[in-house]
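For reference, the structure is listed below as structure tokens.
The values are calculated or read from the model by the stated rules, or taken from the named source; none is laboratory data. Since the model is a prediction, treat every value here as computed from it, not as a measurement. Here the Cβ is made from the backbone with ideal geometry for all residues, glycine too, and neighbour counts use every protein chain on show.
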Amino acid sequence: MSELETIKLALGDKISNIAWDLDGWVILLKDSNISNLKVSRRLVGISFDWEWHFVTPLIIREEVDEAGLRLYREMKRREVQIKRRGILRYSYEWVTGELLKRVFPEITPENDLLTLLNRDENLQRLLKRSSIDELYINTYFELGGATLSDETVRKYYESPTMVGWLITAIKGPGSEWRFGPIVKRIYELLDYLAGKLLGFSRELESRLAFL
């Protein structure tokens, strides 16, 4: 069975449509917190091993006015990623995103989203079930293929065209042996995480309206 057929079988009636885009499949979804999910396979360094990338945008505002720009920049302060611990039985901790610290050293991180995610027991269960290797929550920026420069991220921060999150999950070499269950479990993880982020973003937006 091809990888595309495996994806179709794993996600079943959640799929609305599938199209190829540059370096992966873009899966349009229905009845989900996620509108679309891009699935692509990439070489690990100069090896012959592959890892799978699952990327989903979570758009909060499609137009950026003054309030939207303020929201986007407050969301930037809350970028996070997982830190995986253990060898056979993993545990996960949410920490401040490396991209935020590297590209925007002048921005002081906020810990409210990080604390919310670390206290969520169901999220921890889904993380363990997926055995995910890497997971990043960044503010939305335009995807342009496999490569991304720090300059591109900073330019989008200075003049964003949409307000939202970009969630990236990575599953490393060996995924092909259980690819169907991996796709299903990562989808369930991302769908749940997207729901948490939507709720948090709306609450943050409300807080900013009164400041």
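Checked against (1) part of a loop (DSSP other than H, G, I, E, B); (2) modelled with pLDDT under 95, THR108 passes all but a single condition, namely (2). Filtered by the rule that a residue be of a type in the set (Ser, Thr, Tyr) and surrounded by fewer than 20 Cβ atoms within 10 Å (Cβ to Cβ), region 58-91 gives TYR90, SER91. THR168 passes every criterion in (1) in contact with a strand residue (DSSP E or B) (Cβ under 7 Å, 6 or more places away or on another chain); (2) in contact (Cβ under 8 Å) with a residue 40 or more places away in the chain; (3) over 15 Å from LEU37 (Cβ atoms) apart from (3).
In region 125-138, the count of residues that are surrounded by fewer than 18 Cβ atoms within 10 Å (Cβ to Cβ), in a helix (DSSP H, G or I) and either modelled with pLDDT of 95 or more or touching a His at 6+ places or on another chain (Cβ under 8 Å) (or both) is one or more. Taken over region 171-201, residues that are under 25 Å from ARG119 (Cβ atoms), among the aromatic types (Phe, Trp, Tyr) and either in contact with a strand residue (DSSP E or B) (Cβ under 9 Å, 6 or more places away or on another chain) or without any contact (Cβ under 8 Å) to a residue 12 or more places away in the chain (or both) amount to 1. Pairing residues of region 40-55 that are β-branched (Val, Ile, Thr) with residues that are at pLDDT below 80, at Cβ distances under 9 Å and at least 6 apart in sequence or on separate chains, gives VAL44/PRO173; VAL55/LEU143.
Among the residues of region 16-70, how many are closer than 24 Å to GLU188 by Cβ and not in a strand (DSSP E or B)? Total satisfying the criteria: 6.
Do we have ARG84 as over 21 Å from GLU188 (Cβ atoms), in contact (Cβ under 8 Å) with a residue 40 or more places away in the chain, out of contact with any Lys or Arg (no Cβ under 6 Å at 6 or more places or on another chain) and not in a helix (DSSP H, G or I) here? No.
For GLY12, the conditions (1) touching a Leu at 6+ places or on another chain (Cβ under 7 Å); (2) free of Cβ contacts under 8 Å to residues at least 12 places away in the same chain all hold with the exception of (1). Only one of the numbered conditions (1) under 29 Å from GLU151 (Cα atoms); (2) modelled with pLDDT under 95; (3) in contact with a strand residue (DSSP E or B) (Cβ under 7 Å, 6 or more places away or on another chain); (4) of a type in the set (S, T, N, Q) is not met by SER47, and that is (3).
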